[in-house]
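Quick note: the coordinates plus some simple rules give every number you see, no bench work behind them. The shown structure was predicted, so the numbers you read here are calculated from the model rather than taken from an experiment. Cβ: placed from backbone, ideal geometry, glycine included. Neighbour counts: every protein chain shown.
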Amino acid sequence: MTLDQYAIGKPDSFCYWLEFKTNELGGIRGGNAAKFGVWWSKSEDRWRWNSSYQNAENALASMKRGLLELIAATRNLQFDKLDKIGADLLGYNRYSLRGKPLYLYFPEYFLPISNPEHLRYFLGLFGEKPKGDLLELNRQLLAHLQSLPQFDGFDTLQMMIFLYECMPPKKGSAPPKSIHQQKQIDPVDSSNNNRTTVFISYSHENQEELNRLLLHLRATKLNNNTVKWWDDTQIKPGALWDEEIKKAMASAYVAILLVSIDYLASEFILKHELPSLLTAAEDDGVIILPVILGPCNFKYTELARFQAVNNPSIPLSKMNKHEADEVWNKVVEILHEMKPKDF
């Protein structure tokens with residue numbers, strides 16, 4: 001598969017078919033073209049790719065390898081390995097590319113749903129406790145639906161349509177539009193492009209942990225791969241701090257949450273930051289990255305539906321300095337992977 005055959009922005013490409021031509025078989029529209037790893041920008045007349053790759057060809061090779069390993073594991077019924085393969089080879093949270101192709105190749109094994117939040121929502125409606133990441137959740141929901149006599153005779157597409165028609169995740173949700181209503185666009189020019197920063201949400205009681213994260217972010221300057229971030233220490237004297245925070249959240253494509261007991265007890269965070277960030281995650285595809293700093297009831301909160309960077313049972317407070325720095329380094333690696341390449 002060549003770049004022209006793979007990339008969104010090129011006619012009849014693999015990614016174009018994933019997003020537009022097979023929309024009735026599970027919608028993955030939204031966000032921007034960075035979700036595919038490499039793409040052609042018609043407005044700039046050049047290839048673009050995520051910054052974790054050296055160039056467009058390198059990005060394509062990584063995407064192809066990830067897709068082939070996902071397909072091979074599925075053929076061998078190694079379902080427990082799929083999410084790790086997807087995260088390691090395609091990229092953290094690159095769910096559209098992890099889920100949609102597998103459904104198209106193996107419709108008997110997967111539901112045509114590539115949104116982990118929707119899968120968790122549906123599982124909750126059926127009284128099931130969600131487990132794992134995208135493909136584990138997908139298989140969990142499929143197994144439950146297949147165990148119900150009400151779904152006898154349903155194929156996986158019919159199950160998906162029923163779920164979105166009868167119990168949509170939010171008011172106004174609906175099954176994907178007809179493919180005849182779609183047209184090719186350049187996703188790089190979407191309205192989500194005004195989300196260009198990383199927002200850091202934290203309690204002031206955790207200033208020491210914030211400082212360590214900022215140290216890792218500043219170190220990205222050494223490889224000319226700087227991440228653009230925002231935290232409230234950047235508010236200048238005399239500025240309206242609540243307006244500055246709102247503007248920063250509105251421009252974020254990723255939100256890092258430094259979760260601790262102080263964080264979860266903060267009235268300001270619970271009332272003014274989290275509602276906006278969670279709405280942006282659902283409506284605009286903003287990525288939520290919780291980092292668990294200390295013992296807290298994270299798993300019982302609404303935040304538990306988002307995959308934490310570190311295991312919630314092993315917070316940073318239980319780690320030595322080297323282990324904690326590995327977590328911060330993982331955060332930076334995830335941000336690099338999500339950040340579009342500008343040159």
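Tabulated data
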quantity: Simple spin-label estimate for GLU302 and ASP232 in nanometres, 7 Å along Cα-Cβ; calculated: 1.9
quantity: Packing rank of 85-95, 38-48, 317-327, where each peptide gets the mean count of other beta carbons within 10 Å, highest leading; calculated: 85-95, 38-48, 317-327
quantity: Calculated log₁₀ intensity ratio I(q)/I(0) where the Debye formula runs over C-alpha points of the range 85-161, q = 0.17, 0.21, 0.24 Å⁻¹; calculated: -0.61, -0.91, -1.15
quantity: The range 1-64 - Debye-derived log10 I(q)/I(0), Cα point model, q = 0.19, 0.20, 0.25, 0.28 Å⁻¹; calculated: -0.67, -0.74, -1.10, -1.28
quantity: Residue-averaged [θ]222 nm for the chain, counting only DSSP H segments that reach four residues, each worth -39500 (n - 2.57); calculated: -11500 deg cm²/dmol
quantity: Inter-label distance, nm, simple model (7 Å from Cα along the C-beta direction), LYS84/VAL332; calculated: 2.6
quantity: Listed pairs LYS81/LYS330; LYS10/LYS100; LYS10/LYS330; LYS129/LYS271 exceeding 24 Å between Cα atoms; calculated: LYS10/LYS330; LYS129/LYS271
quantity: Pairwise label distance in nanometres, SER43 with ALA281, each label 7 Å out on the Cα-Cβ vector; calculated: 2.8
quantity: Burial ordering of ILE200, ILE287, ILE71, fewest other beta-carbon atoms within 10 Å first; calculated: ILE71, ILE287, ILE200
quantity: Calculated P(r) of the range 1-138 - Cα pairs past 21 Å, %; calculated: 41
quantity: Quotient of Cα Rg and 2.2 N^0.38 Å for the range 195-338, N being how many residues it contains; calculated: 0.99
quantity: Paired Rg and Dmax values of the chain, which use every Cα atom, in angstrom; calculated: 20.3, 65
quantity: Listed residue pairs exceeding 25 Å between alpha carbons, taken from LYS35/LYS299; LYS131/LYS228; LYS64/LYS228; LYS247/LYS321; LYS64/LYS84; calculated: LYS35/LYS299; LYS131/LYS228; LYS64/LYS228; LYS247/LYS321
quantity: Packing rank of 139-147, 204-212, where each peptide gets the mean count of other beta carbons within 10 Å, highest leading; calculated: 139-147, 204-212
quantity: Sites PHE154 and ASP325, calculated FRET efficiency, Cβ-Cβ separation with R0 30 Å, nearest 0.05; calculated: 0.05
quantity: Low-density loop cleavage sites - GluC sites (Glu not before Pro) in the range 98-141, where at most 15 other Cβ are within 10 Å (DSSP); calculated: GLU108, GLU128
